[in-house]
Amino acid sequence: MNAVLEIDLDAVAANTRLLAARATGELMAVVKADGFGHGAADVARTALAHGATRLGVTGIGEALALRAEGVGAPILSWLNTLDADVSGAVRHRVELAVPSLEHLGTICRAPRPVPAAIHLHLDVGMARDGAAPAQWAALCRAAARAQRRGDVRVVGLMGHLGCADPDDLCTRQGRTRFAWALEIARGAGLRPRHRHLAATAATLTDPLAHHTMSRVGAGLVGIDPSGTTALHAAATLRTSLVSVREVPAGTVVGYGHDHRTTRATRLGLVPLGYADGLPRAASDRASVVVAGHRCPVVGLISMDQLVVDLGRREVSPGAPVTVFGTGERGEPTLTEWAAWSGTLPHEIVTGVGLRTARVVLPARHAYGVGA
Ligand SMILES: *Cc1c(COP(=O)(O)O)cnc(C)c1O
């Protein structure tokens, strides 16, 4: 195997405990996009063992994959096209977010053994998923009628904030809109148990947004969008040098002759490229750790490989390479890769390709209870 993504479930366990302690209400572990690239079932089981009570995913397919892995906890799926497998979801006790009257209609018409458990979803200010405020009252009334007919049970009301800062105007408006939405729902006769607005950032910084539950994804794997809290990074990308060559000054490196060595040096070949999730945009800015030393990436990152400048160090083919990790041993963090690439840590870690093997380190409580 050319590279491995090592997943430290101790880090997930410690992050979950911290987030559960901060949340006023229940904690939903969001394991969409294969648990942010860390393995949905592993992250789900670890989070459930350390304080999360429920799971959240984007599409029904992700929820059914967790059921197939034997995960039995309540799961909410919040973003589905109108032709999604509602019957399969209800059969497997997957709750569904409802962002529109059209979605409510497809759920009511789908053959199902029992009423579908639904969460009405309001867009609180991103013009993205969720019902527009102008449609909210009609959606609440239609859901209340569907509940009386026995087609659905309205078990939740949800929104999602667009900014990490609790004092930002956009966050304050989001909280206000959500409070308004709860009142409208109450007026339509809806009294759902779950009312949820906060993701990782608001769970860490904004108790006013907590309501009865927090939905946290990034924080579980050590990414803090609020920049306030030291969480534990859970993923380390490791490989080793394929080859080492001595080159004179003036040697051109990589596609497009983008880089030229300024002195005699040694170049090392790393078998990872942009198809493995290392953005080409990070070329000539990024660095990795080779045998304990930071070495710059030189030339353009290719689809399958990149070249590092080892300087005058004696390094042999097979020397260990850490591309990113916790940073505790001098290796780059996801945050550094994100800065080099003009993106977020989320995009780097969810982009690690399928030809990189996953190796899971089980939770052994290395960070201690309450860490
Ligand atoms: C991804 C997502 C979350 C989790 O957000 P984090 O910032 O990763 O904690 C919560 N709710 C919704 C609707 C999401 O799409």
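The values are calculated or read from the model by the stated rules, or taken from the named source; none is laboratory data. Source: prediction; values computed, not measured. We place every Cβ from the backbone using ideal geometry, glycine too, and count neighbours over all the protein chains shown. Side chains are part of the model used for accessible areas, which takes the heavy atoms of the whole protein and leaves out ligands, DNA and RNA. Shrake-Rupley method; radii C 1.70, N 1.55, O 1.52, S 1.80 Å.
Before moving on, here are some points about what is shown:
- Unique match (being without any contact (Cβ under 8 Å) to a residue 24 or more places away in the chain, of a type in the set (Lys, Arg) and touching a strand residue (DSSP E or B) at 6+ places or on another chain (Cβ under 9 Å)) among Arg175, Arg186, Arg191: Arg191
- Contacts under 9 angstrom Cβ, first residue in segment 332-356 being among the basic types (Lys, Arg), partner crowded, with 22+ Cβ neighbours inside 10 Å, 6 or more apart: Arg355/Asp276
- First in segment 18-33 and open to solvent by 50 Å² or more (accessible area, probe 1.4 Å), second anywhere and part of a loop (DSSP other than H, G, I, E, B), Cβ under 7 Å, 6 or more apart: Thr24/His210; Lys32/Thr58; Lys32/Gly217
- Close pairs (7 angstrom Cβ cut-off, 6 or more residues apart or separate chains): farther than 13 Å from Ala185 by Cα and of a type outside the set (A, V, I, L, M, F, W, C) in segment 113-125, open to solvent by less than 10 Å² (accessible area, probe 1.4 Å) and part of a strand (DSSP E or B) anywhere: Pro115/Val152; Asp123/Ala131
- Summed over segment 49-72, residues that are touching a Leu at 6+ places or on another chain (Cβ under 6 Å) and open to solvent by 20 Å² or more (accessible area, probe 1.4 Å) total 2.
- Residues in segment 66-88 that are touching an Asp or Glu at 6+ places or on another chain (Cβ under 8 Å) and more than 16 Å from the ligand (Cβ to nearest atom): Leu82 alone.
- Scanning segment 334-356 for residues that are of a type in the set (Ser, Thr, Tyr), assigned to a loop (DSSP other than H, G, I, E, B) and crowded, with 16+ Cβ neighbours inside 10 Å yields one hit, Thr356.
- Looking across segment 133-160, the residues that are closer than 21 Å to His211 by Cα and open to solvent by 10 Å² or more (accessible area, probe 1.4 Å) come down to Pro133, Ala137, Arg153, Val154, Val155, His160.
- For segment 194-242, the candidate set comprises residues that are of a type in the set (D, E, K, R) and within 11 Å of the ligand (Cβ to nearest atom); within that set, the residue that is surrounded by the fewest Cβ atoms within 10 Å (Cβ to Cβ) is Asp224.
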